[in-house]
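Notes for the one structure printed next.
The values are calculated or read from the model by the stated rules, or taken from the named source; none is laboratory data. None of these values were measured; they are calculated from a predicted model. Ideal geometry is used to build each Cβ from the backbone, glycine not excepted, and the neighbour counts take in all protein chains shown. Surface accessibility is based on the protein's heavy atoms, side chains included, excluding ligands, DNA and RNA. Shrake-Rupley method; radii C 1.70, N 1.55, O 1.52, S 1.80 Å.
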Amino acid sequence: MTRILTGAVALMAGALTIADPMAQISRDYVRLVLALGAHDKDYVDAYYGPGDIKAEAEKAGLSLDAIGKNAVALSEQLKAAPAGADELSRLRRQYLEKQLAAMTARVRILKGQRLSFDEESRALYDAVAPTNSEAHFQQVLDRLDKRFPGEGPLVERYDAWRRAFVIPKEKLDAVFKAAIAACRAQTLKHVTLPPDESFTVEYVTNKSWSGYNWYQGNYRSLIQVNTDLPIYIDRAVDLACHEGYPGHHVYNALLEQHLVKERGWLEFTVYPLFSPQSLIAEGTANFGIEVAFPGQERETFERTTLFPLAGLDPARATEYYEVQAMVDELSYAGNEAARRYLDGTIDRDAAATWLERYALMPHDRAAQRVRFFDQYRSYVINYNYGKDLVRRFIESRGGTAANPEKRWQEFETLLSSPRLPSGLR
Ligand SMILES: [Zn+2]
């Protein structure tokens, strides 16, 4: 699943290695991330740094033990390196420290150490998501039960209603392209993007996720959309914002522009998936949806543009989003299923049943989600808890819904800086 592209910043590498201890630490960090990628196929999500570091990592062929020891030693060097003067330099050091700590935790997990769900998410993502009881979700389900009265499981009644909002397969590409164009236009009103940024969309099958952004360097991304299951109309804007604008594509492009190209910080040319960076990435990508389409703007755009393009009844857009707002209140039910399943208190069938009952996922989607738990484990908290942490952070700095300009400004600053999940609190 890893896409490696090299050479994008090869020119600057030689000049950076000598005098600055942080430049050497940064190179060593990249080398260790790439070395761990050889043991863990999902670990290196993106790399567009110098090809010689990749060649060195491959040649050394470090064992898990050696990677763990080197990461600890590198952390010691980092503590001894002179502190940077500005805020960004301070954030950079804290970021590298936590990224290295997460790397050693991932090594221990790959060697067979069992951590609880919460211990794992703290070690890898620098955060522990809140726990919710069945009663918390039940009060939302009770409201939905009134909305969809009748016999049989609520998930079936909800799913039957929702079928009228599936994007027909032959209209998928046109709907996605329109959604992406709108998300990009909304973003460009507030954020200056690097020149020549662009991405390609591909439709794929047989994945545990519904969409994925593969960042390739030089301001380019490959966005993959999984068509295994029916795609409902809300996924168009969700995916276009989350994977593209102002989500992952913009986040990666701004990091490349501001931290890699302007400052020469090589560590940002590599993205280790099981690390605190992922909470910031997923949290900003999800919060970015409402930053791009605040208040009624999304529903208006969908009613006037996307519903007609998908051949759906525009008169039902309001109804659809009223129900979706209620269903969104169940997002943490997925974390509960994952926590119980990965802690071993329920098995995979029970996890799927929990998702059907409390997250209102139809059977095949629930099964897909359990496969996601198998592959990515406590990563699930990065989406909903990440979004909540990002929202609170931006609002605490004055970027509230009532002040959209300030919200965009704080959002862009966060996307361009190496801030950690614990630094959002
Ligand atoms: Zn994502």
Practice task
Assess whether Q216 counts as being away from the ligand (no atom under 15 Å from the Cβ), under 18 Å from the mean Cα position of the chain (by Cα) and surrounded by fewer than 23 Cβ atoms within 10 Å (Cβ to Cβ).
Solution key: yes
Fill in the blank from the handout: Conditions (1) in a helix (DSSP H, G or I); (2) hydroxyl-bearing (S, T, Y); (3) open to solvent by 50 Å² or more (accessible area, probe 1.4 Å); (4) away from the ligand (no atom under 16 Å from the Cβ) -> Y321 fails only (3)
Handout entry: Residue that is farthest from R235 (Cα to Cα) [pool: residues in the stretch 203-219 that are part of a loop (DSSP other than H, G, I, E, B) and without any contact (Cβ under 8 Å) to a residue 24 or more places away in the chain]
Key = N206
Problem - Options Y320, Y379; residue that is under 23 Å from the mean Cα position of the chain (by Cα) and modelled with pLDDT of 95 or more - result: Y379
Problem - Matching residues in the stretch 369-400 - criterion: being in a helix (DSSP H, G or I), more than 13 Å from the ligand (Cβ to nearest atom), basic (K, R) and farther than 18 Å from G344 by Cα - result: R391, R392
Exercise for the section: Please go through the stretch 337-359 and pick out each residue that is open to solvent by 30 Å² or more (accessible area, probe 1.4 Å) and in a helix (DSSP H, G or I). Expected result: R340, Y341, R348, D349, A350, T353, E356, R357
Practice task
Go through the residues of the stretch 275-283 one by one and say whether even a single one is open to solvent by less than 10 Å² (accessible area, probe 1.4 Å), assigned to a loop (DSSP other than H, G, I, E, B) and at pLDDT 95 or above.
Solution key: yes
Practice task
Identify the residue in the stretch 94-128 that is basic (K, R) and closer than 21 Å to G37 by Cβ and, among all such residues, is least open to solvent (accessible area, probe 1.4 Å).
Solution key: R106
Exercise for the section: Working only within the stretch 324-335, note down all residues that are in contact with a Phe, Trp or Tyr (Cβ under 7 Å, 6 or more places away or on another chain) and part of a helix (DSSP H, G or I). Expected result: A333
Handout entry: Boolean, P294 is open to solvent by 10 Å² or more (accessible area, probe 1.4 Å) and at pLDDT below 95
Key = yes
Practice task
Look through L36, L62 and report the one residue that is under 23 Å from the mean Cα position of the chain (by Cα) and at pLDDT 95 or above.
Solution key: L36
Completion exercise
Matching residues in the stretch 277-291 (farther than 16 Å from S422 by Cβ and more than 11 Å from the ligand (Cβ to nearest atom)) number 4
Exercise for the section: With respect to P362, determine if the residue is open to solvent by 10 Å² or more (accessible area, probe 1.4 Å), touching a helix residue (DSSP H, G or I) at 6+ places or on another chain (Cβ under 7 Å) and touching a residue at least 40 places away in the same chain (Cβ under 8 Å). Expected result: yes
Handout entry: In the stretch 225-234, the residues that are surrounded by fewer than 20 Cβ atoms within 10 Å (Cβ to Cβ) and of a type outside the set (A, V, I, L, M, F, W, C)
Key = N226, T227, D228, P230, Y232
Exercise for the section: Looking only at the stretch 220-237, count how many residues are in a strand (DSSP E or B) and within 16 Å of the ligand (Cβ to nearest atom). Expected result: 6
